[in-house]
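Inspection log for the structure reproduced underneath, given as structure tokens.
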């Protein structure tokens, strides 16, 4: 295994290690056009927290989007797959069925990257700490 404590990274090298996730928490994107829907659902797919989808029939579903499917140019051919917050069921929701989308849960990946992890590790190692591990943060 490569010794991370000997690694000195330039800004460019850190960028190559992974991207920093944007923080969309609290975002309620405008879904005025098909392109708006596509863009919002791309962000939703990368989001590592729960979202609330309001369907055109008025139902609201809160949960985690784990997949998206579709091909072609017609938005009617696209769907997202979601695990509702309080269920083990997996739903498939067509893009055309979505009236509103809200990023309501905490995004556990916001502002983080592998480069940030390496930096933390290197700082602990440089401070002389032994048996270092970077423990995950508590989700709540």
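Counting the residues of the stretch 26-41 that are part of a helix (DSSP H, G or I) and either in contact with a strand residue (DSSP E or B) (Cβ under 7 Å, 6 or more places away or on another chain) or touching a residue at least 12 places away in the same chain (Cβ under 8 Å) (or both) gives 5. When the stretch 43-63 is limited to residues that are in contact with a helix residue (DSSP H, G or I) (Cβ under 9 Å, 6 or more places away or on another chain) and either modelled with pLDDT under 90 or not in a loop (DSSP other than H, G, I, E, B) (or both), the one that is surrounded by the most Cβ atoms within 10 Å (Cβ to Cβ) turns out to be 51. Could you tell me whether any residue of the stretch 24-42 is at pLDDT 90 or above, over 30 Å from residue 128 (Cβ atoms) and over 22 Å from the mean Cα position of the chain (by Cα)? Checking the stretch 24-42: at least one residue is at pLDDT 90 or above, over 30 Å from residue 128 (Cβ atoms) and over 22 Å from the mean Cα position of the chain (by Cα). Among the residues making up the stretch 65-79, those that are in contact (Cβ under 8 Å) with a residue 12 or more places away in the chain and on the phi < 0 side of the Ramachandran plot are 65, 66, 67, 68, 69, 75, 76, 78, 79. For the stretch 96-108, the set of residues classified as in contact with a helix residue (DSSP H, G or I) (Cβ under 9 Å, 6 or more places away or on another chain) and within 11 Å of residue 56 (Cβ to Cβ) consists of 96, 98, listed by residue number. Considering only residues that are farther than 14 Å from residue 78 by Cα, crowded, with 16+ Cβ neighbours inside 10 Å and out of contact with any helix residue (DSSP H, G or I) (no Cβ under 6 Å at 6 or more places or on another chain), which ones fall in the stretch 24-42? Within the stretch 24-42, 27 is the sole residue that qualifies.
The values are calculated or read from the model by the stated rules, or taken from the named source; none is laboratory data. The structure displayed is predicted, hence computed values, not measured ones. Quick reminder, even Gly has a Cβ in these numbers, built from the backbone with ideal geometry, and neighbours come from all protein chains shown.
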